[in-house]
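Just so it is clear, none of the values below were taken in a lab; they were calculated from the coordinates. Please read all numbers here as calculations on a predicted model, not as lab measurements. With ideal geometry, Cβ positions are generated from the backbone for all residues, glycine too; neighbour counts draw on all protein chains shown.
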Amino acid sequence: MLEWLNYHHLHYFWMVAKEGGITAAAEKLHLAQPTLSSQIQKLEKSLGVKLFQRIGRGIALTDTGQTVYRYADEIFGLGRELTDTLKGRPTKDTIRLVVGVPDVVPKLIVYQLLKPALSLEERVQIVCYEGKLQDLLSELALHRLDIVLADSPLTPQLHVRAFNHLLGECGVSVLGTSELAKKYRKGFPASLEQAPMLLPTQNTSLRRALEQWFDEQEIRPDIRHEFEDSAVLKVFGQAGEGLIVSPTATEKDVTAQYSLKLIGRIPEITERFYAISVERRLKHPAVVAICDMARTKLFGEAS
């Protein structure tokens, strides 16, 4: 027997996920909060899964809820396109690009990589999801993502049929506030001995490369804090809590945005970035533009 999905319930779920909570969604939908909560519970019961979980006083999507939200977002996005088409609004020139980005990849690198897609003649709508690399690759294998942008290649151990496309590579730069730059620029890299450092967490390729380089240079920095999110790390660097390390390809952007100064570069450490896709030969026009620009300009100029 065919199981029918209640799209009214799905729409309510989608609104709650979009608005970040029952209260805001109920206000937008002009529904009472108990009514909306009841509809969400009916959807969960019909699907046989939990879509939300309690976090303190609020709620957050479960892993399954995130998957359902992606489908719902696409479903209601197509609904908007249908409405636009019937009303004579052009939609055929819009290209949808669904991208997965591991949370350890610097946000400025992500922007610089995706930027060429915005320069195409066709309008490109980017849908960007963040998560763990293995989870994103699973989504890619199910064709829910067009591409994954990563700082490490796909390995056979992950058992995902996909292909690595090297976008480019660059060294890394050590940056800090003006005060810290004056103190640690002279005598670099030996000046990093006991220098206050803000480093990425142990699960990143950059952290492993840095530790190896420190050992080779016989340098023991003072590791003040560790961050998985590169954006948070840079904010702490901007506040003068320590020196940071960033890909040289985005050095100008990072120094300008976070008011930091260059202390020195470490060309021996190479940061590589990949586009991972299920296609051996890239066909999506936005993905092709991203790869071409990365190889010829972004990393070409940094190498």
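For the chain, the alpha carbon positions stretch 72, 45, 39 Å along the principal axes, listed from largest to smallest. With both labels modelled 7 Å from their Cα along Cα-to-Cβ, the residue 179 to residue 229 distance reads 2.5 nm.
For region 7-70, the Kirkwood radius over C-alpha pairs fed into Stokes-Einstein at 25 °C and 0.890 mPa s yields D = 213 µm² per second.
Using a Gaussian network model of the chain in which every pair of alpha carbons under 10 angstrom is joined by a spring, one finds that among 145, 78, 137 the greatest mean-square fluctuation is at 78. With each label modelled as a point 7 angstrom along the Cα→C-beta vector, the residue 259-residue 141 pair spans 4.7 nm. All C-alpha to C-alpha distances of region 151-190, sorted into 5 Å bins beginning at zero, yield P(r) values of 5, 17, 15, 12, 8, 9, 10, 10, 10, 4 percent in whole numbers. Taking every alpha-carbon pair in region 169-272 and binning the separations at 10 Å intervals from zero gives 16, 56, 28, 0 percent. For the chain, set up a Gaussian network in which alpha carbons nearer than 10 Å are linked by springs, and say which option among 179, 27, 251 fluctuates the most. Highest fluctuation among the options: 27. By the Cα gyration tensor, region 50-198 has an equivalent ellipsoid whose semi-axes, rounded to whole angstrom, run 38, 21, 18 from largest to smallest. Peptides 49-55, 207-213, ordered by how many other C-beta atoms sit within 10 Å of their residues on average, highest first, read 207-213, 49-55. Inverting the pair-averaged 1/r between distinct Cα atoms of region 172-217 gives 11.6 Å as its Kirkwood hydrodynamic radius. For the residue pairs 186/234; 28/107; 107/234, alpha carbon separations beyond 20 Å are given by 186/234; 28/107.
Here region 118-192 has an Rg and Dmax of 19.3, 52 Å, counting Cα atoms alone.
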